[in-house]
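Encoded as structure tokens, the structure appears first; notes follow it.
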Amino acid sequence: MFKKILSILLFLPFYAVNSWGQQPNKAFTIIPLGVKGGDDESNLSSYMIAPQGSTKYICLDAGTINAGIQKAIDHKSLKGISEEIQRKQIKGYLISHAHLDHVAGLIINSPADTAKNIYGIPSVLSILRDKYFTWDAWANFANEGEKPQLKKYTYFPLTEGNTYHLEGTEMEVKAFELSHGNPYKSTAFLISHDDSNVLYLGDTGADEIEHSDKLRKLWQTIAPLINSGKLKAIFLEVSFPNEQPDKQLFGHLTPRLFFSELSKIEALTNEKAFKKVSFIVTHTKPPLQSAEKVKQQLISGNTKGLKLIFPEQGRRLTIN
């Protein structure tokens, strides 16, 4: 009997690791390359994400690339040379929509980049193809559109609701359409690895203002993941303070609308599971006084003690 028990104890560590001899990974590393909306070209929406311990990142939007990587190096969130990190560690780009503050870094840094995929819903990819990667605007580094096609980037269309492997990474993605100034489309991306998930929303307006049902359908879809503890974080934008008139939101949220959306998620989930989710606030617009007001309104409005995260450019986040 003693030998049997000893044998079980010796082999317990084996069952605690995966087939490669590593601890199962349930966390994500996020490197914010840019966190703002608006007119600061050095700090626009862009987030590198990978399973913790991996350097195989995907980029969620690409408003700022090189300047953000350099900031991350300064903060010791990344190691190496900026250009090499973009070339070797960023394995592809998930573009929520094609406004310049979400794609400028991708375009301007494309000459120094390496071959990889650009993922997006067809309406977003068509803008990149027909408006940006053209020989009049820049150069066609992609595999479609004006000739000659340099074929560095491959457009990878995402059909809403389908699951796709993100090439060169250990992650998968599922896309959902959003309304960003109806009928203009944006996208939410559900990033998955090892039964852990992070939900990233590009710019979006509230359903009642957009005359849409996109957010309601999204919350219904992700509610079971929250209840099962598999959804770790939600990136959600808050562009303007509460004083911004509804008619001047242009497909964005305020703190009031942000908490209204969170209440809708809460109504679909159990309280304990809902409070475990981290909410990462994105896309706050300048000027500084307005951005500070947004933050204060979010802090004062957080009466339920939810986990709000205000990302800083270049500072690593670990989401468990």
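The values are calculated or read from the model by the stated rules, or taken from the named source; none is laboratory data. What you see is a predicted model, and the numbers here were worked out from it, not measured in a lab. Don't worry about glycine lacking a Cβ; one is built from the backbone with ideal geometry, like all the others, and counts go over all protein chains shown.
Taking ALA137 as meeting all but one of (1) in contact with a strand residue (DSSP E or B) (Cβ under 8 Å, 6 or more places away or on another chain); (2) among the aliphatic types (A, V, I, L, M); (3) free of Cβ contacts under 8 Å to residues at least 40 places away in the same chain, write down the number of the exception.
Just one mismatch for ALA137, condition (1).
Report the residue count in region 22-47 for those that are farther than 17 Å from ASP101 by Cβ and either of a type in the set (Phe, Trp, Tyr) or in contact with a Phe, Trp or Tyr (Cβ under 9 Å, 6 or more places away or on another chain) (or both).
4
Which one of these is closer than 20 Å to LEU166 by Cα, surrounded by 17 or more Cβ atoms within 10 Å (Cβ to Cβ) and aliphatic (A, V, I, L, M): ILE69, ILE107, ILE90?
Working: ILE69 fails: closer than 20 Å to LEU166 by Cα; ILE107 fails: closer than 20 Å to LEU166 by Cα.
Answer to the selection: ILE90.
All but one of (1) out of contact with any Asp or Glu (no Cβ under 9 Å at 6 or more places or on another chain); (2) small (Gly, Ala, Ser); (3) without any contact (Cβ under 8 Å) to a residue 60 or more places away in the chain hold for SER77; which doesn't?
(3)
Any residue in region 166-188 that is more than 19 Å from PHE28 (Cα to Cα) and among the aromatic types (Phe, Trp, Tyr) sitting within a Cβ distance under 8 Å of a residue that is at pLDDT 95 or above and assigned to a loop (DSSP other than H, G, I, E, B)? List the pairs, counting only those 6 or more apart or interchain.
PHE176/GLU160; TYR184/HIS97; TYR184/GLY251
Could you pull out every one of the helices (runs of 4 or more DSSP H) wholly within region 1-113 that has 1 or more residues that are at pLDDT 95 or above and either among the hydroxyl-bearing types (Ser, Thr, Tyr) or under 24 Å from PHE240 (Cβ atoms) (or both)?
Values: elements: 2-15, 66-74, 82-88, 100-108.
So the answer is 66-74, 100-108.
Every residue in region 120-133 that is in contact (Cβ under 8 Å) with a residue 60 or more places away in the chain and either in a helix (DSSP H, G or I) or among the aromatic types (Phe, Trp, Tyr) (or both), please.
The initial filter retains those residues of region 120-133 that are in contact (Cβ under 8 Å) with a residue 60 or more places away in the chain, namely 120-121, 123-124.
Those that are in contact (Cβ under 8 Å) with a residue 60 or more places away in the chain and either in a helix (DSSP H, G or I) or among the aromatic types (Phe, Trp, Tyr) (or both): SER123, VAL124.
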